[in-house]
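Here the structure is laid out as structure tokens; the discussion comes afterwards.
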Amino acid sequence: MVAPPPELSTVSATIETPGTVAEAEAVQDRLRPLVDLAGPGPTAPRTVAGLDVAYAEDGDRLAAAVTVLDPTTLAVLDTAVATGRAAFDYVPGLFAFRELPALLTALARLAVEPELLVCDGHGLAHPRRFGLACHLGVLTDRPAIGVGKTPLVGTWAGPERRRGSWAPLVDGTEQVGRVLRTQDGVKPVFVSVGHRMDLDNACAQVLRLTPRYRLPETTRQADRLCRAELRKYAGV
């Protein structure tokens, strides 16, 4: 049985805000051993959250959105947004630090608790093996997966063109995720474990959330919401 998640109102207090690259890398090094890559995670979650962030043209202002869906009907059950400024400079491999404060604030505003977090980004498939899905999963102690549009690391061969086919995403000698075809003949997505999930289950959940489109409906809904909120925030 999957343990119940912590109260959402408490998660925003756990974020560390490093001031330098060395401090940020030290946070990753300290938290990385806490990642649960075995799972297996919920196989039939009743609520699934998509998380996404949109940036203004100046690259500093941002809007973070969380949408909670019923994965069976794909109906939106709850939404929350948070606006602000990027909390860290743009540094490859440390991008999560820019977005985590706003995402945690949005999560804390939800009335419906998600059983699974689906991040528009990566988990293990990250240069330091600690992408946004890992970081967010550890901080909230929730099952989390990363679904990226493009890879950060790794090589692959395939997958075949039919929906559901996949190929290992390999970085050096380590498999860090899967390249998964969610629709026949469309570009694949890059799935990796974040926390308290295994890779088979992560891919199964992504396919469940992509009955019609390449990207999970969680990501599509969160993307739409954060872009709309950013337009309001920026006064457009």
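List of remarks:
- Placing +1 on the Cβ of every Lys and Arg and -1 on the Cβ of every Asp and Glu, with nothing else charged, gives the stretch 10-134 a dipole about its Cα centre of roughly 180 debye.
- For the stretch 190-235, alpha-carbon Rg and Dmax in angstrom: 13.9, 43
- Here the stretch 166-236 is treated with +1 on each Lys and Arg Cβ and -1 on each Asp and Glu Cβ, and its dipole about the Cα centre works out to around 480 debye.
- Exposed loop sites were defined as chymotrypsin sites (Phe, Trp or Tyr not before Pro) in DSSP loop states (anything but H, G, I, E or B) carrying at most 13 other C-beta atoms within 10 Å; in the chain the longest segment without such a site runs 91-212.
- In this rough spin-label picture, where each label sits 7 Å from Cα along the Cβ direction, the Lys149-Arg224 distance is 1.6 nm.
- Shape category assigned to the stretch 63-196 from the gyration tensor of Cα positions, a/c cut at 1.5: oblate
- Magnitude of the charge dipole, the stretch 83-157, Cβ model with Lys/Arg +1 and Asp/Glu -1, debye to 20: 180
- Cα gyration tensor shape for the stretch 121-236, rounded if a/c is under 1.5, else prolate or oblate: oblate
- Residues of the chain were split at every exposed loop site, defined as GluC sites (Glu not before Pro) in a DSSP loop with at most 15 other C-beta atoms within 10 angstrom, and the longest piece left, sites excluded, is 58-159.
- Approximating the spin labels as points 7 Å out from Cα along Cα→Cβ, the Arg128-to-Glu174 distance works out to 1.3 nm.
- Global geometry of the stretch 20-117, whether rounded, prolate or oblate, following the gyration tensor of its Cα atoms and the 1.5 cut on a/c: oblate
- Among 192-198, 29-35, the order from most to least packed when residues are scored by Cβ within 10 Å on average: 192-198, 29-35
- Selection from Leu230, Thr20, Pro101, by position along the positive dipole direction of the chain (Cβ): Leu230
- Highest-fluctuation residue, Val186, Val118, Val176 considered, GNM on the chain with Cα pairs under 10 Å: Val186
Bear in mind these aren't lab numbers, they're just calculated from the coordinates by the rules spelled out. Since this is a predicted model, take the numbers as computed values, not measurements. Every residue, glycine as well, gets a Cβ built from its backbone with ideal geometry; the counts of neighbours run over all protein chains shown.
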